[in-house]
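Colleague: First, the structure itself, so that you have it in front of you.
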Amino acid sequence: QVQVVESGGGLVQAGGSLRLSCAASGTIISINRMGWYRQAPGKQRELVAHITSGGSTNYADSVKGRFTISRDNAKNTVYLQMNSLKPEDTGVYYCEATWVLLGTFWGQGTQVTVSS
């Protein structure tokens, strides 16, 4: 049974930093892509960043230069280092893990709140 579990959310002041972690388990099949999405109240879920098994990354324009995504393939874990946080970064952050053969699985989400 595949599981995707996030951790590391919390409350931080504007300009601060947080690091999110996400671990996928339940299969020995290599994960093709892992990433982070976020959803603010009243808004649609949006991409924050993706990273492939080969290390290629893709970021939303709003987080470029402030957020860094990385992964440990051996541990099936992805990280999101968030610096210079802004109130508009507030939302529930969801981890996704995509396997070519299994499809996409989502975590339960972790709350990030940035106070002004």
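Colleague: Quick check: pseudo-label points 7 Å beyond the Cα along Cα→Cβ at Gln13 and Ser53, how many nm apart are they?
Modeller: Spacing of the two 7 Å Cα→Cβ label points: 4.4 nm.
Colleague: Among the trypsin sites (Lys or Arg not before Pro) within segment 29-116, which fall in a DSSP loop and have no more than 11 other Cβ atoms within 10 Å of their own Cβ? If you can, show how the numbers build up before the last one.
Modeller: Details: sites: Arg33, Arg38, Lys43, Arg45, Lys64, Arg66, Arg71, Lys75; in loops: Lys43, Arg45, Lys64, Arg66.
Loop-located and lightly packed - Lys43, Lys64.
Colleague: Under a cut-off of 19 Å between alpha-carbon atoms, report the lysines in cross-link reach of Lys86, not counting same-chain residues fewer than 8 places apart.
Modeller: Lys43, Lys64
Colleague: I want to verify the translational diffusion coefficient of segment 1-69 in µm²/s; compute it with Stokes-Einstein, Rh as the Kirkwood radius over Cα pairs, at 4 °C and 1.567 mPa s. Let's see the in-between values first.
Modeller: Details: Rh = 13.8 Å.
Here the translational diffusion coefficient equals 94 µm²/s.
Colleague: Across 10 Å bins from 0, what is the distribution of all Cα-Cα pair distances for the chain, in whole percents?
Modeller: Per 10 Å bin, starting at 0, the Cα pair percentages come out as 15, 50, 28, 7, 0.
Colleague: Per residue, how many Å² of accessible area does the chain show with a 1.4 Å probe? All intermediate terms of the calculation are to be shown ahead of the outcome.
Modeller: Working: 6050 Å² over 116 residues.
Per-residue accessible area for the chain comes out at 52 Å².
The values are calculated or read from the model by the stated rules, or taken from the named source; none is laboratory data. None of the values given here were measured: they were computed from a predicted structure. All Cβ positions, even for glycine, are placed from backbone atoms using ideal geometry, and neighbour counts span all protein chains on display. Keep in mind that these areas ignore ligands, DNA and RNA; they rest on the heavy atoms of the full protein, side chains included. Shrake-Rupley method; radii C 1.70, N 1.55, O 1.52, S 1.80 Å.
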